[in-house]
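First comes the structure, then the notes that go with it.
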Amino acid sequence: MTAPNLRKYPRLDGLSLLLIDDDSAIRELLQAALELTGARVTQVSSGAEGLASWKAEQPSVVLSDIAMPEMDGYEFIRALRKIEQDQGKARTPAVALSAFTQRLHRAAAIDAGFDRYVAKPADPVELARLIDDLLGPRPQASASAGGQTSGRTT
């Protein structure tokens, strides 16, 4: 196995990502890959744990599986959007992760409150790029960057 080409990854330095998935292997893979970008990743295994973690940490982005037991991704995102609205908080960018690939599932995820939809298995480089695009230009984490925007690679 060769080392990953880190130049492919956009820099997500300073971002906190909340990863919610009931599959521990997927959580571990995505956490390891996204941490290569400089992001801090918190992983939990259920929608209920996701809400508790969101309340405690206020992450930059939420990544959530759709098909989970007890509280699925749709229920999670609806509950999160209600909390944000009730508390007057800014909308947290959210990405749905799902093995369901039909157009109707994508539409249902967006209608429920997700901002983007990614089919599993998610390519970590593409997922990092999607997060970078979703957040748009932002200040560099490094003071030596001279105030340039975006963690995007060229």
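From D22, D13, which residue is among the acidic types (D, E), closer than 19 Å to L130 by Cα and not in a helix (DSSP H, G or I)?
Only one candidate passes the filter, namely D13.
Tell me, yes or no, whether segment 69-78 has at least one residue that is of a type in the set (A, V, I, L, M, F, W, C), assigned to a loop (DSSP other than H, G, I, E, B), farther than 17 Å from L134 by Cβ and in contact with a Phe, Trp or Tyr (Cβ under 7 Å, 6 or more places away or on another chain).
No: zero hits.
Would you confirm whether or not segment 86-104 contains a residue that is of a type in the set (F, W, Y) and part of a helix (DSSP H, G or I)?
no
Looking only at segment 105-120, count every residue that is part of a helix (DSSP H, G or I), at pLDDT 90 or above and either touching a Phe, Trp or Tyr at 6+ places or on another chain (Cβ under 8 Å) or buried (at least 16 other Cβ atoms within 10 Å of the Cβ) (or both) and tell me the total.
Of the residues in segment 105-120, 5 are part of a helix (DSSP H, G or I), at pLDDT 90 or above and either touching a Phe, Trp or Tyr at 6+ places or on another chain (Cβ under 8 Å) or buried (at least 16 other Cβ atoms within 10 Å of the Cβ) (or both).
If K8 satisfies all but one of (1) within 14 Å of the chain's Cα centre (by Cα); (2) within 18 Å of D123 (Cβ to Cβ); (3) in contact (Cβ under 8 Å) with a residue 40 or more places away in the chain, what's the number of the condition it fails?
(1)
For segment 51-68, give me each residue that is among the small types (G, A, S), touching an Asp or Glu at 6+ places or on another chain (Cβ under 9 Å) and either surrounded by fewer than 19 Cβ atoms within 10 Å (Cβ to Cβ) or not in a strand (DSSP E or B) (or both).
Across segment 51-68, the qualifying residue is only A67.
One line per residue, one yes/no per condition, for (1) closer than 23 Å to A99 by Cβ; (2) of a type outside the set (V, I, T); (3) modelled with pLDDT under 95:
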| site | (1), (2), (3) |
| --- | --- |
| S16 | no, yes, no |
| D22 | yes, yes, no |
| Q31 | yes, yes, no |
| T37 | no, no, yes |
| V44 | yes, no, no |
| E49 | yes, yes, no |
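Only one residue in I131, I77 is of a type outside the set (D, E, K, R) and touching a residue at least 60 places away in the same chain (Cβ under 8 Å). Which one?
Selected residue: I131, the only one of I131, I77 that is of a type outside the set (D, E, K, R) and touching a residue at least 60 places away in the same chain (Cβ under 8 Å).
Tell me which residues, restricted to segment 29-50, are in a helix (DSSP H, G or I), touching a strand residue (DSSP E or B) at 6+ places or on another chain (Cβ under 9 Å) and within 13 Å of M71 (Cβ to Cβ).
G47, E49, G50
Mind checking which residues of segment 121-131 are in contact with a strand residue (DSSP E or B) (Cβ under 8 Å, 6 or more places away or on another chain) and surrounded by 18 or more Cβ atoms within 10 Å (Cβ to Cβ)?
Selection gives A122, L127, L130, I131.
Of the residues that sit in segment 73-104 and are more than 13 Å from the chain's Cα centre (by Cα) and buried (at least 18 other Cβ atoms within 10 Å of the Cβ), which one is farthest from D22 (Cα to Cα)?
Only one residue tops the list, namely L80.
The values are calculated or read from the model by the stated rules, or taken from the named source; none is laboratory data. All of these numbers come straight from a predicted model, not from anything done at the bench. As a convention, Cβ positions derive from the backbone with ideal geometry for all residues, glycine included, and neighbour counts pool all protein chains shown.
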